[in-house]
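The values are calculated or read from the model by the stated rules, or taken from the named source; none is laboratory data. These figures come from a predicted structure and were not determined experimentally. Neighbour counts run over all protein chains shown; Cβ positions are idealised from the backbone, glycine included.
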Amino acid sequence: QNLVDYITDVLDLNYDRIPERKSVSRMGWNEEGFTPYVDGIVFDGNEKFQGTFNAITQRGDYQVWKDEVNKIRKHSVAARIVIAASFASVMVEKVGALPFFIHLWGMASGTGKTVAQMVAASVWGDPSPGGEYFKTFKSTNVGIEIVAGFLNSLPLFLDELQLAKDARGKVMFNVYEL
């Protein structure tokens, strides 16, 4: 009780000296706009997500990015789908729609599934597979759920489904549980 009283007194005596900042603990829509693309917002959430928060940012030349994305869209149906889904995902809450999933599936490696996801992730931030924003399935279901909750309105990108298999090769991830 004494500690609480002391902290209250310090805050009261320094009210006009302590700078006030707006903070968020998750991404996406909030009272201020769309985080992290709101000026003056600081991250004040779980420190494990600081890297993810920092990875979702604008970098590079927009026109160069746009020209490259348009080239990719002309050559790949999968890329068109995931890019459209990336943009649409942040509107789900605003239009009252249900969340959705896109699963790129193919038997062969090297068909462009990861590259398509990288392009879609680049809409919002660092598209490096296995990085701070573009995750892999190397996690528990609860871990993936926590990341999805932190991203909130932003799309969750997961790669390498084979990492979610048990010793017998059975997939241990159920999208409906998420």
Exercise. Does L3 satisfy the condition of being surrounded by fewer than 11 Cβ atoms within 10 Å (Cβ to Cβ), at pLDDT 90 or above and in a helix (DSSP H, G or I)?
Worked result: yes
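Going through segment 116-147 one residue at a time, which ones are closer than 15 Å to G51 by Cα and assigned to a helix (DSSP H, G or I)? Spell out how you get there, then give the answer.
Keep residues of segment 116-147 that are closer than 15 Å to G51 by Cα, which gives 124-135, 146-147.
Hits for segment 116-147 are I146, V147.
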Seminar exercise, completed: Matching residues in segment 92-120 (modelled with pLDDT of 80 or more and of a type in the set (F, W, Y)) number 2
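Kindly state which helices (runs of 4 or more DSSP H) lie completely within segment 40-115 and contain at least 3 residues that are within 20 Å of F134 (Cα to Cα). First the steps, then the outcome.
On the way: elements: 50-55, 62-75, 77-89, 92-95.
So the answer is 50-55, 62-75, 77-89.
Select, from F157, F137, the only residue that is in contact with a helix residue (DSSP H, G or I) (Cβ under 6 Å, 6 or more places away or on another chain) and at pLDDT below 85.
Working: F157 fails: at pLDDT below 85.
Checking each option against the conditions leaves just F137.
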